[in-house]
Amino acid sequence: MMQRYNLRLSDKEYEGLKQKSSETERSINDLIREAIREYLKQETQG
C-alpha cells in the first residue's frame, strides 16, 4: 500500500529535481522515493 504525502520544496530544490528528472528520464516522485530509501538505509546501518 502506498501513502500520499504533500511535500513543499523551494524553487531551487524543485528546479534541481526537474533538471535531474529530465537528465535521467525518471519522474520527480521516483527520484524523491529513491533518496528517502537511501537515507533510511544509511540511518538504519548506523
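How about region 25-37: which of its residues are surrounded by 10 or more Cβ atoms within 10 Å (Cβ to Cβ) and more than 10 Å from the chain's Cα centre (by Cα)?
Listed by number, the list holds a single entry, R26.
Within region 12-30, track down each residue that is more than 16 Å from M2 (Cβ to Cβ) and in contact with a helix residue (DSSP H, G or I) (Cβ under 9 Å, 6 or more places away or on another chain).
Hits for region 12-30 are Y14, L17, K18, K20, S21, T24, R26.
Since every read-out is calculated from the coordinates, none of them should be taken as a lab result. Predicted model only: the values in this text are computed from it and were never measured. Neighbour counts are summed over all protein chains in view; Cβ atoms, including those assigned to glycine, are modelled from backbone coordinates with ideal geometry.
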